[in-house]
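Working notes, structure below.
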Ligand code: NDP
Ligand code: GDR
């Protein structure tokens with residue numbers, strides 16, 4: 001018997017890079033779905049940064065194209081499928097609600113269908129999100145907290161989440177849904193607030209910029225490190241029974257406090273540099289998220305290993321190093 005084979009959709013994203021590295025370290029043969037782009041030179045930048053670009057096999061495909069997904073699954077025959085691909089930027093989802101619904105929502109159904117048709121014994125992971133809690137119905141959110149999505153993105157994720165549950169219950173798929181709270185890293189997309197802040201701090205420290213314009217500084221998020229969170233995804237698929245799990249740190253922090261931490265890491269004060277620009281406000285906001293990860297701790301033996309302070313330091317240092325090398329990611 002050869003090594004276990006995994007297929008990751010969204011392999012070129014933040015989590016795709018960390019999960020690829022994690023699975024390769026576990027001895028897996030890793031395959032990824034690659035959405036074709038004219039900018040082929042930058043598309044696997046994260047995989048290169050983390051050092052796995054040459055170790056994984058990429059297959060052309062798109063979540064919106066069921067027949068292509070079927071062909072990829074027929075070629076790979078994976079034991080585990082991680083569905084990480086999505087239009088994942090909440091703010092863009094108001095500008096592109098139909099695309100977001102098609103990729104983030106129906107795309108997951110396409111993947112479930114492809115698995116059901118080609119390899120129904122494969123284990124399936126769906127990247128669900130704390131955004132599904134939206135206008136929170138309980139101060140601390142667990143697997144039993146009712147959902148209240150507040151964006152086209154969150155509504156699409158909720159549909160994908162319930163389809164995952166539905167395919168598990170209807171067809172007996174080993175399909176699990178990880179309700180992951182925000183997780184960040186040096187590989188976070190530049191448009192998300194944490195990376196925008198650490199990149200901005202590094203630019204200001206190096207004298208490349210003077211100001212950093214942000215939106216709602218009062219929003220609070222439960223922020224962890226992507227490196228820790230991909231391990232939880234894998235642990236879910238190692239369980240005898242598929243299930244849904246909240247993955248969170250149990251600590252919530254405002255954008256303002258995250259920002260203050262990042263500026264103080266380089267000896268600067270955020271008050272001297274941060275401005276508020278209403279272009280970055282959203283039509284509807286998710287004010288606060290805070291996860292209860294007790295089930296993941298008890299059943300998976302998982303807990304966050306990186307503190308917020310360590311995360312901020314790692315991200316700021318990575319952006320300083322990247323800018324000094326004139327590299328962009
Ligand atoms: P990213 O935005 O970094 O990555 C998204 C990935 O999806 C990219 O590889 C992107 O490809 C791919 N993709 C987008 N559209 C398509 C498509 N039509 N067909 C195939 N691939 C496509 O997200 P993250 O790594 O941060 O997150 C991974 C998943 O987890 C996402 O589903 C996200 O919504 C979800 N999630 C993330 C959380 C977080 O805090 N990071 C928390 C909870 C859930 P390309 O590189 O070509 O753009
Ligand atoms: P989020 O992440 O919407 O939680 O979704 P994001 O970092 O975009 O926003 C977090 C909070 O910060 C506030 N904010 C700003 N956000 C951005 N992007 N830019 C700004 O300038 C800014 N200023 C303040 C936002 O209003 C918001 O309250 C992420 C994504 O990874 C989703 O795919 C994932 O599902 C959830 O996390 C969990």
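The values are calculated or read from the model by the stated rules, or taken from the named source; none is laboratory data. All values derive from a computational prediction rather than experimental measurement. Don't worry about glycine lacking a Cβ; one is built from the backbone with ideal geometry, like all the others, and counts go over all protein chains shown.
Going by the conditions given, is residue 206 at negative phi, under 24 Å from the mean Cα position of the chain (by Cα) and outside the structural domain of residue 147 (by TED's automatic domain parsing)?
So residue 206 does not fit the description; no.
How many of the residues in the stretch 38-62 are part of a loop (DSSP other than H, G, I, E, B), free of Cβ contacts under 8 Å to residues at least 60 places away in the same chain and under 21 Å from residue 5 (Cα atoms)?
Number of matching residues: 9.
Looking at residue 279 and the list (1) surrounded by fewer than 19 Cβ atoms within 10 Å (Cβ to Cβ); (2) within 16 Å of ligand 2 (Cβ to nearest atom); (3) not in a helix (DSSP H, G or I), which single condition is not satisfied?
Of (1) surrounded by fewer than 19 Cβ atoms within 10 Å (Cβ to Cβ); (2) within 16 Å of ligand 2 (Cβ to nearest atom); (3) not in a helix (DSSP H, G or I), only one is false for residue 279: (3).
If I ask for residues that are modelled with pLDDT of 95 or more, out of contact with any helix residue (DSSP H, G or I) (no Cβ under 8 Å at 6 or more places or on another chain) and within 12 Å of ligand 1 (Cβ to nearest atom), which ones from the stretch 45-71 would you list?
58, 68
Any chance you could count how many residues in the stretch 209-223 are touching a residue at least 60 places away in the same chain (Cβ under 8 Å), more than 22 Å from the chain's Cα centre (by Cα) and either buried (at least 20 other Cβ atoms within 10 Å of the Cβ) or closer than 18 Å to residue 329 by Cα (or both)?
The number of residues fulfilling the criteria is 1.
Do we have residue 262 as within 23 Å of residue 50 (Cβ to Cβ), away from ligand 1 (no atom under 16 Å from the Cβ), over 18 Å from the mean Cα position of the chain (by Cα) and at pLDDT 95 or above here? Steps first, please.
Values: within 23 Å of residue 50 (Cβ to Cβ): yes; away from ligand 1 (no atom under 16 Å from the Cβ): yes; over 18 Å from the mean Cα position of the chain (by Cα): yes; at pLDDT 95 or above: yes.
Here the answer is yes, as residue 262 does meet what is asked.
For the stretch 63-88, give me the residue count where each residue is under 18 Å from the mean Cα position of the chain (by Cα) and assigned to a loop (DSSP other than H, G, I, E, B).
Result for the stretch 63-88: 6.
Could you say whether any residue in the stretch 224-240 is over 14 Å from the mean Cα position of the chain (by Cα), surrounded by fewer than 19 Cβ atoms within 10 Å (Cβ to Cβ) and within 9 Å of ligand 2 (Cβ to nearest atom)?
Taking every residue of the stretch 224-240 in turn, none turns out to be over 14 Å from the mean Cα position of the chain (by Cα), surrounded by fewer than 19 Cβ atoms within 10 Å (Cβ to Cβ) and within 9 Å of ligand 2 (Cβ to nearest atom).
Here are some residues: 217, 235. Which one is touching a helix residue (DSSP H, G or I) at 6+ places or on another chain (Cβ under 6 Å) and assigned by TED's automatic domain parsing to the domain that holds residue 26?
235
Is it true that some residue in the stretch 291-300 is surrounded by fewer than 16 Cβ atoms within 10 Å (Cβ to Cβ), farther than 17 Å from residue 183 by Cβ and within 16 Å of ligand 1 (Cβ to nearest atom)?
No.
Out of everything in the stretch 16-42 that is under 23 Å from residue 71 (Cα atoms) and surrounded by fewer than 17 Cβ atoms within 10 Å (Cβ to Cβ), what residue ends up being modelled with the lowest pLDDT?
Per the stated criteria, the residue is 40.
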